[in-house]
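Scroll down for the structure; my scribbles are underneath it.
Please treat every number below as a calculation from the coordinates, not as lab data. Only a predicted model underlies this, so the values are computations on that prediction, with no experimental measurement involved. Neighbour counts run over all protein chains shown; Cβ positions are idealised from the backbone, glycine included.
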Amino acid sequence: MNQGKSTTKKAKGFSDEERAAMKERAQELKAAAKKADGESAVLAKIAEMPEPDRSMGERLHAIIKAGAPALSPRLWYGMPAYAKKDGKVVCFFQSAAKFNSRYATFGFSDVANLDEGAMWPTSFALKELTAAEEERIEALVKKAVR
């Protein structure tokens, strides 16, 4: 035997670039799982709502996903909400049953870009959603995320 000399070869591992790429992919998968979990939680919360809130919640979810795909669904104080990538909630839907109110509420947080003069509405009472309300909500959501 050769004493003093190592006969084992250094195992080739991943390069720094490959390790960085794997870390990035792991972060992407975690983010995707979190987003999917958020959407699942929102859809489950909407499914628990009594009518007509359930139907309005389902329709609002579809409007927001189509009009502002950058927003991620998540629960916020137990309500369906939609947040920017930084996690800050832009808008939310509160079922009438949540606080035994006579109407549901669709609202915006202070991070929504709805500023108009010195005063503007940040929440709306909802008894039903017609095409006119859906159109207005879609426009407001798009404006809120600009």
**Asked** Ranking GLU39, GLU17, GLU48 by Cβ neighbours within 10 Å, fewest first, what do you get?
**Response** GLU17, GLU48, GLU39
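Can you pick out the pairs among LYS98/LYS127; LYS84/LYS127; LYS30/LYS143; LYS23/LYS142; LYS30/LYS65 whose Cα atoms lie more than 24 Å from each other?
Distance filter (> 24 Å) returns LYS84/LYS127; LYS30/LYS143; LYS23/LYS142.
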**Computed FRET value (nearest 0.05) for ARG136 with ASP16, which takes r as the C-beta separation and R₀ as 41 Å** = 0.20
**Fill in**
Of LYS88, LYS12, LYS65, the most mobile residue in a GNM of the chain (C-alpha springs, cutoff 10 Å) is LYS12
**Prompt:** How much length, in nm to one decimal, is gained on full extension between ALA66 and ASP115, taken as 0.36 nm per residue of separation minus their Cα-Cα distance?
**Reply:** 15.4 nm
**Fill in**
So TYR103 and GLU24, fully extended at 0.36 nm per residue minus their Cα-Cα distance, gain in nm 24.0 nm
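Above 26 angstrom, tally the Cα pairs of the chain and express them as a % of all pairs, no decimals.
For the chain, the share of Cα pairs beyond 26 Å comes to 38 percent.
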**Asked** What's the extension gain from LEU75 to ASP37 if we count 0.36 nm per residue and subtract their Cα-Cα distance?
**Response** 12.7 nm
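Add -39500 (n - 2.57) for each DSSP H run of 4 or more in the chain, then divide by its residues: what number comes out at 222 nm, to the nearest 500 deg cm²/dmol?
Helix-only estimate at 222 nm: -14500 deg cm²/dmol.
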**Message:** Using each residue's phi in region 53-67, evaluate 6.51 cos²θ - 1.76 cosθ + 1.60 at θ = phi - 60° and report the 3J(HN,Hα) Karplus result to the nearest Hz, with x for Gly and Pro.
**Reply:** 4, 4, 5, 5, x, 4, 5, 4, 4, 5, 5, 5, 4, 6, x
